[in-house]
Ligand code: S3P
């Protein structure tokens, strides 16, 4: 996104467990914007959890649905979007997510991600640490394509949200006036 322009959306990307959903909800509340979680949108459309979709329909089907979810989110204005951890690694989905949006990578070291991830089968691609580490290495170059990177490993979600709001509206001074004060 060109700097100085007001973003229509703020899209949070980053690996599973980096806090996209919690930080996203906190950021939306702070800005008085809407919030869309792409995984939840897909789950609601299919009446199945993401893990069930992977199991019953396979990953390729899920990625198609993820692309569709990104296209639907691209119509939203004044909305914070939490993308799934793989979304930005697929070029077509990434380009859809980037259009008109400020994209933010929630960066988190591997050890913190591993600590945070629930071992309940809800993240089929992070079932073991070796696989998770490999995937993280493969995906980091795509996360680096985001407009901003914010460390989400130490601060509370609300503080991470505050930093994003500050950075986002520093880049777009006109938009700052529409930010809710807390
Ligand atoms: C995935 C991340 C998950 C979910 C699916 C695939 C991935 O989202 O989209 O399990 O490929 O990294 P979260 O990052 O919200 O856990």
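Coordinate-derived values only; no laboratory data. What you see is a predicted model, and the numbers here were worked out from it, not measured in a lab. Methodologically, a virtual Cβ is constructed for each residue, glycine included, from the backbone with ideal geometry; neighbour enumeration extends over all protein chains shown.
Once every Cα of the chain carries one equal point scatterer and solvent is ignored, give the base-10 log of I(q)/I(0) from the Debye formula at q = 0.19 Å⁻¹, two decimals. Reported log10 I(q)/I(0), two decimals: -1.33. Take the Cβ atoms of residue 162 and residue 8, set R0 to 25 Å, and the FRET efficiency comes out at 0.75. Here the calculated FRET efficiency for residue 91 and residue 170, from their Cβ-Cβ distance with R0 = 30 Å, stands at 0.55, rounded to the nearest 0.05. With the simple spin-label model, which puts each label point 7 Å out from Cα in the Cβ direction, the residue 149 to residue 119 separation comes to 3.0 nm. Mean residue ellipticity at 222 nm, helices only, the chain: -15000 deg cm²/dmol; runs of at least 4 DSSP H residues each add -39,500 (n - 2.57), and the sum is divided by the number of residues.
Put a dot 7 Å past the Cα of residue 57, heading toward its Cβ, do the same for residue 131, and the two dots end up 2.0 nm apart. Across segment 82-126, counting alpha-carbon atoms alone, Rg and Dmax equal 12.8, 36 Å.
Structural descriptor for segment 1-103: relative contact order 49 percent, calculated from alpha carbon pairs under 8 angstrom and at least 6 residues apart. Among 108, 18, a tally of other beta-carbon atoms within 10 Å of each Cβ gives an order, fewest to most, of 108, 18.
At full extension, residue 49 and residue 77 could sit 7.4 nm farther apart than now, given 0.36 nm per residue minus the alpha carbon distance. Can you compute the label reach from residue 138? Point 7 Å from Cα along the Cβ direction, backbone N cut-off under 13 Å, restricted to segment 25-68. Zone members listed by number: 59-60.
Note the angle between two axes, namely the Cα long axis of helix 59-73 and the longest principal axis of the Cα atoms of the chain, as a number of degrees from 0 to 90, rounded to the nearest 10. Tilt relative to the chain: about 20 degrees.
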